[in-house]
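Derivation of every value follows stated rules applied to the coordinates shown; laboratory data play no part. Small disclaimer: the values here were computed from a predicted structure and weren't measured. Using ideal geometry, Cβ is built from the backbone for each residue, glycine included, and neighbour counts are taken over all protein chains shown.
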Amino acid sequence: MIISSKTRVLTLLGDPVSHSLSPTIQNEAFRKAGVDGVYVAVRCAADDLFGFMRGLSRAGGGGNITLPHKEKAAAVVDVPSEAVRRTGACNTFWGGPDGKVHGDNTDVDGFRRAARAFVGSLRNMRVLLLGAGGAARATLMALLEEEAHEVVLLNRSTERARAVARRIGGAHARVVPLAEELRGQSFDLVVNATRLGLDPNDPPPFDFELLTRVGAAMDLVYGRHATPFVRAAEDYSIRATDGSEVLVQQGAASFERWWGGVAPVAEMREALRRSRGE
Ligand code: NDP
């Protein structure tokens with residue numbers, strides 16, 4: 001790839017960013033697609049977010065936003081997508097020909113695409129969603145758009161879960177304050193959107209022993225080894241997957257916002273595998 005004065009600059013803005021695999025995945029996608037762009041990670045303080053997003057967008061670039069700035073970024077964009085408006089979070093931005101900062105939350109599409117690939121249709125499913133942070137909001141929006149029948153939210157802070165259900169959930173989301181209340185129930189899908197598992201020594205975020213039947217389990221957390229949630233599900237012979245495919249698919253959706261067309265997903269997946277030494 002030749003970097004020239006015309007090369008478009010896409011950046012990952014967050015703090016920390018040094019662990020991120022997005023530069024590897026995106027630069028491989030740019031190479032495969034033959035687009036003239038470069039993707040770099042930039043550690044960015046909250047106070048600098050506005051300047052970076054505006055400056056890069058005006059220069060025809062854009063990028064991704066990661067922890068802890070996704071909510072702040074939603075307030076910076078001039079033209080928010082429906083996903084940004086509903087979730088209150090932005091993870092993808094780019095400058096439009098109108099000179100404005102456009103923003104989307106591709107965690108919604110990322111989850112939707114990965115879930116479709118893993119379980120097929122989400123229509124009429126009964127889903128247990130663990131967590132109430134940014135990832136849980138994106139997941140809830142995708143589940144409802146895909147016409148899940150009911151989504152039960154369980155989070156350490158019940159109030160936070162109630163606020164998420166009110167904001168996004170409508171009639172199809174319900175909050176339970178205690179895991180014990182789920183004893184004996186069945187779910188087609190259980191999703192972990194808490195951060196438990198980021199540290200491989202974390203305890204599993206849920207005790208599957210409580211439930212009578214679980215169709216499948218999806219973790220948003222990913223790592224080099226099976227996450228505690230995936231291990232816990234597999235102990236009960238539940239089909240389970242970690243967040244790697246969500247990562248690839250949200251990156252693919254971001255690629256498509258920046259460049260149009262379809263992202264080279266197979267190469268992105270392969271780049272992720274290689275960077276993890278698999
Ligand atoms: P947030 O900080 O917004 O939310 C964290 C969530 O984890 C909250 O629900 C919080 O509960 C819960 N939590 C934190 N610590 C504990 C604990 N000790 N016990 C129980 N619950 C806990 O983070 P995000 O929503 O942005 O991200 C959540 C996870 O999803 C992260 O691991 C992130 O890496 C992953 N993710 C993966 C993506 C992918 O592409 N695969 C995309 C986006 C996120 P409380 O509200 O009570 O504090």
query: Can you list the lysines whose alpha carbon is less than 23 Å from that of K6, not counting same-chain residues fewer than 8 positions off?
result: K32, K100
field: trypsin sites (Lys or Arg not before Pro) restricted to DSSP loop in region 1-79 with at most 11 other C-beta within 10 Å
entry: K6
- request: Determine the percent antiparallel among the DSSP beta bridges restricted to the chain, to the nearest 5.
  value: 15
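Return the loop-located chymotrypsin sites (Phe, Trp or Tyr not before Pro) in region 177-218 (DSSP other than H, G, I, E, B) with at most 11 other Cβ atoms within 10 Å of their own Cβ; answer none if there are none. Intermediate values should be presented prior to the final figure.
Numbers: sites: F187, F206, F208; in loops: F206.
Nothing satisfies the criteria.
Semi-axes, largest first, in whole Å: what does sqrt of 5 times each Cα gyration tensor eigenvalue give for region 108-242? Intermediate values should be presented prior to the final figure.
Details: eigenvalues 78, 54, 47 Å².
So the three semi-axes of region 108-242 are 20, 16, 15 Å.
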query: Modelled label-to-label distance, R167 and E181, 7 Å Cα→beta-carbon offset: nm?
result: 2.1
query: Gaussian network model of the chain, Cα springs within a sub-10 Å range: biggest mean-square fluctuation belongs to which of G37, G88, G51?
result: G51
field: Value of [θ]222 nm, deg cm²/dmol, for the chain, DSSP H segments ≥ 4, -39500 (n - 2.57) each, nearest 500
entry: -11500 deg cm²/dmol
- prompt: Cα convex hull of the chain: mean projected area in nm², to one decimal?
  reply: 14.4
- prompt: Could you give me the ³J(HN,Hα) list for region 191-203, computed from phi with Karplus coefficients 6.51, -1.76, 1.60 and θ = phi - 60°, whole Hz, x at Gly and Pro?
  reply: 10, 9, 10, 8, 8, 5, x, 4, 8, x, 8, 4, x
task: Measure off 7 Å from each Cα along the Cα-to-Cβ vector at S20 and R276, then give the distance between these two points in nanometres to one decimal.
output: 1.9
- request: Of all alpha-carbon pairs in region 31-179, indicate the percentage at a distance above 18 angstrom.
  value: 61
